[in-house]
Amino acid sequence: MYSALFLAMYLTTVLGNLLIILLIRLDSHLHTPMYFFLSHLAFTDISFSTVTAPKMLMNMLTHSQSISYAGCISQVYFFLLFGCIDNLLLTSMAYDSTNDKDVIVAVMYTVVTPMLNPFIYSLRNQQIKGALRNILARKMSSQ
């Protein structure tokens, strides 16, 4: 039962962040430093979640909690690596921003799970919404 919930959360994290990356790459209006950092943050969030979630899901399904020494060391290394990259990107984004509200969002991000990142950055941003509408409109007109 819990494995389905965690699988849904993991897939939401991956698909939401992939959507952000895709929109930023496809819409030339979003080729600014802030969105450069945001697309890299989305990729880092996918990587950060992918370090632990698949093994956790496997453990839940097999009712086994064993991990090899090499697997454990690798998982810890990449968990710390992507955590540090996340913090570096958030710090860079905070310096890039001159608005106090954006700085607060960047600091609060360290408390909020990566799953919520697509919603935080896309639903409150008119440019992302516009990019999504443009991509969907192009898709509809081509059919």
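What the table below lists for this structure:
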item: Hey, residue 64 surrounded by 15 or more Cβ atoms within 10 Å (Cβ to Cβ) and either within 13 Å of the chain's Cα centre (by Cα) or outside any helix (DSSP H, G or I) (or both) or not; result: no
item: Test: residue in the range 112-130 that is loosely packed, with under 11 Cβ neighbours inside 10 Å and either in a helix (DSSP H, G or I) or at pLDDT 75 or above (or both); result: yes
item: Test result for residue 3, under 21 Å from residue 92 (Cβ atoms) and assigned to a helix (DSSP H, G or I); result: no
item: Members of the range 77-90 found to be surrounded by 12 or more Cβ atoms within 10 Å (Cβ to Cβ) and either in contact (Cβ under 8 Å) with a residue 60 or more places away in the chain or of a type outside the set (Phe, Trp, Tyr) (or both), listed by number; result: 81, 83, 85, 86, 87, 88, 89, 90
item: Residue that is at pLDDT 95 or above and not in a loop (DSSP other than H, G, I, E, B), where the choices are 81, 90, 11, 57; result: 81
item: Identity of the residue in the range 26-54, loosely packed, with under 14 Cβ neighbours inside 10 Å and assigned to a loop (DSSP other than H, G, I, E, B), that ends up modelled with the lowest pLDDT; result: 32
item: Test result for residue 6, more than 26 Å from residue 128 (Cβ to Cβ), touching a residue at least 12 places away in the same chain (Cβ under 8 Å) and of a type outside the set (A, V, I, L, M); result: yes
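The values are calculated or read from the model by the stated rules, or taken from the named source; none is laboratory data. Just so it is clear, the structure is predicted and the values come from calculations on it, not from any experiment. As a convention, Cβ positions derive from the backbone with ideal geometry for all residues, glycine included, and neighbour counts pool all protein chains shown.
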